[in-house]
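What follows is a single structure, written as structure tokens, with notes after it.
The values are calculated or read from the model by the stated rules, or taken from the named source; none is laboratory data. Owing to the predicted nature of the structure, the values given are computational and were not obtained by experimental measurement. Backbone-built Cβ (ideal geometry, glycine too); neighbour counts: all protein chains shown. The protein model used for the area step is the full one, side chains on, heavy atoms only, and it has no ligands, DNA or RNA in it. Shrake-Rupley method; radii C 1.70, N 1.55, O 1.52, S 1.80 Å.
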Protein chains: 2
Amino acid sequence: MARRSEHSREELHDMALEAAEAILEEEGLDGLSTRKVAARMGYTVGTLYLVFRNLDALILEVNGRTLAELHRVLAASLAASEGEPAGARLKALALAYHDFARRHPARWALMYEHRMSQAALPAWFNLAVHELFALLEDILRPLCGDASAAALAARTLWGSVHGICVLAVTDKLDVAGPLQVEQVFASLIDNFLIGLAADGKGV
Amino acid sequence: MARRSEHSREELHDMALEAAEAILEEEGLDGLSTRKVAARMGYTVGTLYLVFRNLDALILEVNGRTLAELHRVLAASLAASEGEPAGARLKALALAYHDFARRHPARWALMYEHRMSQAALPAWFNLAVHELFALLEDILRPLCGDASAAALAARTLWGSVHGICVLAVTDKLDVAGPLQVEQVFASLIDNFLIGLAADGKGV
DNA sequence: TCCTTTATTGAACGATGTTCAATTAAACGC
DNA sequence: GCGTTTAATTGAACATCGTTCAATAAAGGA
């Protein structure tokens, strides 16, 4: 077993997160346990509890890293569609989101399904969520009257895309395959953008 | 403890489902356990396993009943808005869905978050999901060209409303209170319907 | 080399889902 | 009414879970 001070507390911290992520990828949500994480680090349970207050604290940090990775993926999608019309960029974004959910189902589910014991999520987590919204708001602002309208549109589209992903990934959308999901995204974004454009003219 | 043949197997079946639902309402998702369900029925764990193959089978049936109750609630909302314009009826439906999620958070979450061990959901469950979609399709059909367009629109709106509810209920929508959620629903439905109407004219 | 310090361990606790031999009460034959 | 069969019901057992904490063992200073 690991020898005294072979790793700093910070190293243990990162090793635990990486071990947890590996288990989630290989065995899914139910495979995650404190003993498995510790074993994968080359330590025993006790050591894990020196670094994290409990499993919830570890999961919260895993979720923070997943959130950051998701942000990178979506930002890359936006960078790749620079110059294209807003509708095409939003559809690419939705597909990138769906693709991330399919490629990392356990980590993605953990973000949304895990209920924290403590009532409120920490500020840094809400900030990371806010940064995801900001990506959408940047595209939507030119299409909306003011910033608050863009904020509302961003929350609407975000929630919608997320819901379609949830149902698609768990096979409750009653459609077959990613090809059909693409159609649902197109239906959402095309129609929503037509409505947004009409709002500007109508009022 | 319960005496031999005091309850038929069918009675035990229903008692278990009612016990499980009561525990979910009172203690939430994490409160549910086989021993607690059995104790609430006035039996012990062993008896529960004579009626249900395992906890997953019990949860699946609880979810079936929740699905049926949700269908009743939404059908009632539709009946109450008979004659009103489609947009108003869809908004009322979305609010009824959100209200159900808020009033029964554990049973609602159990429907969407529980991963079945067996790969595929049984046919009767998918049929119940299908019946929920049918409610939406009935409103959308007059607004769409053909039935397949209505089916696509129904899936789009359903997923969208669901996603907004998920984020709102778990406080990840970054909005405060049900009043704001109502605005998000309105944004979704108003803009989507404008788009649908434009589709008919444009093509 | 001994001693202090502390990183690390692993046994313990209560709870979980699940199984199944043992028990006990009802039902039936006489 | 009594003995036997039948099956409904039990609860102890097992592996696993998150969590705690006294015991241990190794590093560094004297």
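Where helices (runs of 4 or more DSSP H) fall wholly inside the range A:1-61, the ranges with 2 or more residues that are open to solvent by 80 Å² or more (accessible area, probe 1.4 Å) and under 24 Å from A:Tyr112 (Cβ atoms) are A:9-27.
Of the residues making up the range A:70-89, those that are in contact (Cβ under 8 Å) with a residue 24 or more places away in the chain and either surrounded by fewer than 19 Cβ atoms within 10 Å (Cβ to Cβ) or over 13 Å from the mean Cα position of the chain (by Cα) (or both) number 7.
Among the residues in the range B:114-136, are any touching a Ser or Thr at 6+ places or on another chain (Cβ under 7 Å), at pLDDT 90 or above and among the small types (Gly, Ala, Ser)? The answer is no, given that none of the residues of the range B:114-136 is touching a Ser or Thr at 6+ places or on another chain (Cβ under 7 Å), at pLDDT 90 or above and among the small types (Gly, Ala, Ser).
In the range B:38-58, the qualifying residues are those that are within 7 Å of DNA strand C (Cβ to nearest atom) and over 25 Å from the mean Cα position of the chain (by Cα), and the one that is nearest to B:Asp14 (Cα to Cα) is B:Tyr49. Of the conditions (1) part of a helix (DSSP H, G or I); (2) away from DNA strand D (no atom under 16 Å from the Cβ); (3) away from chain B (no Cβ under 14 Å); (4) farther than 20 Å from A:Val181 by Cβ, A:Ala92 clears all except one; give me its number. The one condition A:Ala92 does not meet is (4).
Would you list the helices (runs of 4 or more DSSP H) that sit entirely within the range A:122-203 and hold 3 or more residues that are open to solvent by 50 Å² or more (accessible area, probe 1.4 Å) and more than 8 Å from every other protein chain (Cβ to nearest Cβ)?
Fully inside the range A:122-203 and qualifying: A:123-140, A:177-202.
Of all residues in the range A:32-58, which are hydrophobic (A, V, I, L, M, F, W, C), near DNA strand D (Cβ under 9 Å from one of its atoms) and more than 14 Å from chain B (Cβ to nearest Cβ)? Show your work before the answer.
First pass over the range A:32-58, keeping only residues hydrophobic (A, V, I, L, M, F, W, C): A:32, A:37-39, A:41, A:45, A:48, A:50-52, A:55, A:57-58.
From what is left, the residues that are near DNA strand D (Cβ under 9 Å from one of its atoms) are A:32, A:37-38, A:45, A:48, A:50, A:52, A:55, A:57-58.
The answer is A:Val37, A:Ala38, A:Val45, A:Leu48, A:Leu50, A:Phe52, A:Ala57, A:Leu58.
In the condition set (1) touching a residue at least 40 places away in the same chain (Cβ under 8 Å); (2) more than 14 Å from chain B (Cβ to nearest Cβ); (3) within 14 Å of DNA strand D (Cβ to nearest atom); (4) among the hydrophobic types (A, V, I, L, M, F, W, C), A:Leu17 is compliant with all but (3).
The residue list B:Ala92, B:Ala101 contains one member that is farther than 19 Å from B:Glu61 by Cα and open to solvent by less than 70 Å² (accessible area, probe 1.4 Å), which is B:Ala92. Among the residues of the range A:20-37, those that are modelled with pLDDT of 95 or more and within 13 Å of DNA strand C (Cβ to nearest atom) comprise A:Ser33, A:Thr34, A:Arg35, A:Val37.
Here B:Met111 does not fit the description of being open to solvent by less than 40 Å² (accessible area, probe 1.4 Å), in a loop (DSSP other than H, G, I, E, B), within 27 Å of A:Pro105 (Cα to Cα) and at pLDDT below 95.
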